[in-house]
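What follows is calculated from the coordinates using simple rules that are stated; it is not laboratory data. The model shown is predicted, which means the values in this text are computed figures rather than measured ones. When we count neighbours, we look across all protein chains shown, and the Cβ atoms used for this are built from the backbone with ideal geometry, even at glycine.
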Amino acid sequence: MKSRFVFPRHTKADMPVAVAGDGPYLIDAEGKRYLDASGGAAVSCLGHSDLDIRAAIQDQLDTLAFAHSGFFTCEPAEALAEKLVSLAPDGIERTYFVSGGSEAMEAAIKLARQYFLEIDQPERRNIIARWQSYHGNTIGALSAGGNRWRRSQFAPFMVEAMHHVSPCRAYRDKLPNESDTAYADRLAAELEDKIVELGPDTVAAFLAEPVVGATMGAVPPVEGYFQKIKAVCDKYDILLVADEVMCGMGRTGTLFACEQDGIAPDMIAIAKGLGAGYQPIGALMVSGRIYDAVAAGSGFFQHGHTYNGHAMATAAGLAVLEKISHPHMLAGVREKGRYLTDRLAKQFSDHAHIGDIRGRGLFIGLELVADRETKTPFPPGTRLAARIKANAMALGLMCYPMSGTIDGESGDHILLAPPFIVENTEIDLIVDRLAAAIENSL
Ligand code: PLP
């Protein structure tokens with residue numbers, strides 16, 4: 001229906017009205033069932049009707065809904081932080097709760113700055129991130145992000161202290177005959193050059209998504225990339241912030257995506273899968289050294305939101321984490337991810353317009369190109385991915401589209417991030433419906 005009072009994302013679109021969830025399906029007011037192959041945007045990792053999460057939220061509501069974090073801490077927040085820290089990479093000791101991904105990244109940017117003020121290095125004011133990344137829609141996070149289409153309209157607000165280097169995107173940017181190692185070396189050298197250009201003593205942090213989600217469609221780094229990047233950051237005492245808002249929380253087959261890159265970042269932002277759609281929650285996990293600097297210094301993080309550490313949100317997060325951190329669940333993500341990738345490879349191996357299929361675990365992207373040989377994207381404005389999304393919805397399938405960025409620097413892509421509870425028969429259905437939606441859109 002056309003919203004009458006809601007200000008929708010797409011004011012011209014006629015949206016179905018979601019009325020119920022059933023495992024991996026959403027159901028609209030007409031009774032039509034949509035197989036959720038993208039988790040919305042990599043959110044609904046446990047599907048839409050998990051009774052354990054519902055019970056945890058109800059139990060919490062029976063005792064305490066909300067207590068402002070300026071006055072109290074609460075039991076579910078303490079328990080969730082403890083469990084997250086116990087499962088996190090080395091060095092991570094504290095968790096700062098927020099309500100979503102942009103808030104987590106906004107907190108990361110401000111905490112990076114405050115950390116260096118606390119340790120008496122006030123010159124550290126620059127942040128480096130990567131083109132073709134997405135870190136959120138609030139002004140700080142948007143400025144850090146490297147999605148030109150999302151940034152363009154707000155160019156006057158983009159923060160000067162944010163700088164960008166190239167992403168790690170082997171499909172498009174690795175040179176012919178360049179090895180993964182040489183490519184990773186080249187990118188690490190580019191980061192080092194940027195640090196030197198800005199002045200090493202002025203750089204506070206480097207931000208990156210371990211597996212790039214919304215802008216490029218599940219692009220993992222080449223092997224060794226993050227270790228080299230971490231070495232450069234360490235050389236200049238720059239904080240490494242992993243934005244795992246989309247790729248974290250089991251999505252890639254390990255609880256934290258960066259585990260697979262063998263690095264321990266100074267901060268990790270998480271959101272989406274942590275609440276699994278049952279509650280809005282995000283978190284910034286930080287190393288002991290950062291927390292200790294604040295604790296020993298001013299004793300106050302100059303930041304905060306009304307819903308920091310919300311009792312119902314953290315209770316839901318705890319119940320979700322119990323499930324998604326289970327080794328059996330993570331092994332299932334890896335196994336089903338392999339099945340999905342194999343099915344996609346079989347379906348599209350000869351397809352003239354599928355240039356690349358990539359990803360990790362149940363986080364898979366397909367890049368659409370006008371010409372497979374030359375990797376030429378469809379012209380900007382074709383909005384192919386958006387048409388595939390619409391045709392998929394008509395066929396009862398949700399997939400997440402991203403049309404090529406404004407200057408045609410990448411192709412349209414489709415992101416798949418089905419719930420971890422998806423069955424192989426449902427994966428077959430996803431691939432069949434996606435193939436039909438693509439054919440109907442070309
Ligand atoms: N960071 C990444 C990597 C994301 O993918 C997103 C959202 O897609 C965000 C940050 C922003 O999260 P939110 O939409 O919850 O504010």
Inset, instruction - Counting other Cβ atoms within 10 Å, keep those with at most 16, restrict to DSSP loop, and tell me which GluC sites (Glu not before Pro) in the stretch 351-425 are left. - result: Glu373, Glu409, Glu423
Inset, instruction - Beta carbons within 10 angstrom, averaged per residue: use that to sort the peptides 387-397, 172-182, 320-330, highest first. - result: 387-397, 320-330, 172-182
Inset, instruction - Give a residue-ordered list of calculated ³J(HN,Hα) values for the stretch 360-370 (Karplus: 6.51 cos²θ - 1.76 cosθ + 1.60, θ = phi - 60°; whole Hz; x for Gly, Pro). - result: 9, x, 9, 9, 10, x, 10, 9, 9, 10, 6
Inset, instruction - Work out which helices of the chain, taken as complete DSSP H runs, extend at least 20 Å along their axis over the Cα atoms and score a mean Kyte-Doolittle of -0.5 or more, then list them. - result: 101-118, 180-198, 424-441
Inset, instruction - Please express the shape of the stretch 54-324 as an equivalent ellipsoid: the semi-axes are the square roots of 5 times the eigenvalues of the C-alpha gyration tensor, given largest first in whole angstrom. - result: 31, 21, 17
Inset, instruction - Only loop residues by DSSP count here, and only those with at most 16 other Cβ atoms within 10 Å; note down the chymotrypsin sites (Phe, Trp or Tyr not before Pro) in the stretch 134-193 that meet that. - result: Phe154
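Using DSSP to call loops (not H, G, I, E or B), can you name the trypsin sites (Lys or Arg not before Pro) in the stretch 45-95 whose Cβ has at most 14 other Cβ atoms within 10 angstrom?
On the way: sites: Arg54, Lys83, Arg94; in loops: none.
For trypsin sites (Lys or Arg not before Pro) across the stretch 45-95 that sit outside H, G, I, E and B with at most 14 neighbouring Cβ atoms in 10 Å, the list is empty.
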Legend entry - Cα centroid of the stretch 311-362 to Cα centroid of the stretch 168-182, whole Å: 25
Inset, instruction - Express the C-alpha Rg of the stretch 361-442 as a ratio against the empirical globular expectation 2.2 N^0.38 Å, rounded to two decimals. - result: 1.11
Inset, instruction - Sort 251-263, 4-16 for me by packing, meaning the mean count of neighbouring Cβ atoms within 10 Å per residue, highest on top. - result: 251-263, 4-16
Inset, instruction - State the number of lysine pairs found in the stretch 54-324 whose Cα atoms come within less than 29 Å, restricting to pairs 8 or more positions apart or on distinct chains. - result: 19
Inset, instruction - Write down Rg/Rh for the stretch 1-103, rounded to two decimals, with Rg from the C-alpha atoms and Rh from the Kirkwood relation over Cα pairs. - result: 1.05
